[in-house]
Amino acid sequence: GTVTGNRISNVHNLSAGGTGAFGMQLGATPTTNILIANNFIWDIRANGSATVTSNGHGITINGAATAGGYKIYHNSVNMSVTQASGTTTAMFVSGPTVAGSVDVRNNIFANTSGAGSTRYAVYSVAAATVYNPINYNDYFATNVGSIAGTVHPTLAAWQAATGQDANSVDVDPLFQSPTDLHLQSTSTLINAGTTIAAVTNDFDGTTRPFGAAYDIGADEWIPSAVISGRLLTD
């Protein structure tokens, strides 16, 4: 399956029973080959719960333990709306256990939601071995991640835990706004990604790369216009 080019937002589950809210939920049974690419996801929240699953998550992977073939490429997730309590994540992985079943590259996982919830870029119940490769991502949150019950607040700690992510960063992506996840011209994510043959265009259909290398996230930044030999950027 392929899920690309979507704007997913305003998913609010305020049930007093504490059930979750997911921008995207991947719950496939075994033997999968799923490409998730070039999606904008923002404004996802739940009422807040002590049960991690029952909270607001941008992308949730909770398929069968034996499932695999998840390809998470060039998505821009911005969790910026406050959830009063519980745990919020840009990506929550709880299902697969097979080594190398999740491929995560060139994504923006931003979680700047206000005080109240515990904020993660990635929260993984699954062990680090399920990720191969995982690299060239932006983890912008109070806590970069948690793997198999251990919190890794910094990028260095996360890199040590995954044994990968050498080219990943933890910087403000500089979105145009909390609801417009195109990059500003000053974003350091421009030309910071890696080539992925399966994703040759961006969210808007722009051919990648426009510059020297692929940009991280769903948007490939391009100058807005060239007038009288001068480059004008948006």
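The values are calculated or read from the model by the stated rules, or taken from the named source; none is laboratory data. None of the values given here were measured: they were computed from a predicted structure. Neighbour counts are summed over all protein chains in view; Cβ atoms, including those assigned to glycine, are modelled from backbone coordinates with ideal geometry. In case anyone asks, the SASA skips ligands and DNA or RNA and just uses the protein heavy atoms, side chains included. Shrake-Rupley method; radii C 1.70, N 1.55, O 1.52, S 1.80 Å.
Are any of the residues in the stretch 33-40 without any contact (Cβ under 8 Å) to a residue 60 or more places away in the chain, touching a Phe, Trp or Tyr at 6+ places or on another chain (Cβ under 6 Å) and over 12 Å from Phe109 (Cβ atoms)?
Within the stretch 33-40, one or more residues are without any contact (Cβ under 8 Å) to a residue 60 or more places away in the chain, touching a Phe, Trp or Tyr at 6+ places or on another chain (Cβ under 6 Å) and over 12 Å from Phe109 (Cβ atoms).
I want to confirm something. Restricting to the stretch 81-93 and keeping residues that are buried (at least 17 other Cβ atoms within 10 Å of the Cβ) and not in a strand (DSSP E or B), which single residue is nearest to the chain's Cα centre (by Cα)?
Looking at the filtered set, the residue picked out is Val81.
Taking the condition of being open to solvent by 10 Å² or more (accessible area, probe 1.4 Å) and not β-branched (Val, Ile, Thr), how many residues in the stretch 118-159 meet it?
Pass one, the stretch 118-159, residues open to solvent by 10 Å² or more (accessible area, probe 1.4 Å): 118-120, 123, 125, 127-129, 132-133, 135-136, 140-143, 147-157, 159.
Among the residues that remain, those that are also not β-branched (Val, Ile, Thr) are: 119-120, 123, 127-128, 132-133, 135-136, 140-141, 143, 148-149, 152-153, 155-157, 159.
Residues meeting the conditions: 20.
Search the stretch 67-80 for residues being open to solvent by less than 20 Å² (accessible area, probe 1.4 Å) and free of Cβ contacts under 8 Å to residues at least 40 places away in the same chain, and hand back the single one that is nearest to Thr4 (Cα to Cα).
Among those residues, the one meeting the criterion is Ile72.
Which residues, taken from the stretch 102-113, are modelled with pLDDT of 95 or more and in a loop (DSSP other than H, G, I, E, B)?
Asn106, Asn107
With (1) under 19 Å from Ser124 (Cα atoms); (2) out of contact with any Phe, Trp or Tyr (no Cβ under 6 Å at 6 or more places or on another chain) as the list, and Thr60 as the residue in question, which single condition is left unmet?
With respect to (1) under 19 Å from Ser124 (Cα atoms); (2) out of contact with any Phe, Trp or Tyr (no Cβ under 6 Å at 6 or more places or on another chain), Thr60 is out only on (2).
Is at least one residue of the stretch 7-24 over 30 Å from Gln176 (Cβ atoms) and at pLDDT 90 or above?
No, every residue in the stretch 7-24 fails to be over 30 Å from Gln176 (Cβ atoms) and at pLDDT 90 or above.
Scanning for something over 25 Å from Thr29 (Cβ atoms) and modelled with pLDDT under 95, does the stretch 59-79 turn up at least one residue?
Checked the stretch 59-79: no residue is over 25 Å from Thr29 (Cβ atoms) and modelled with pLDDT under 95.
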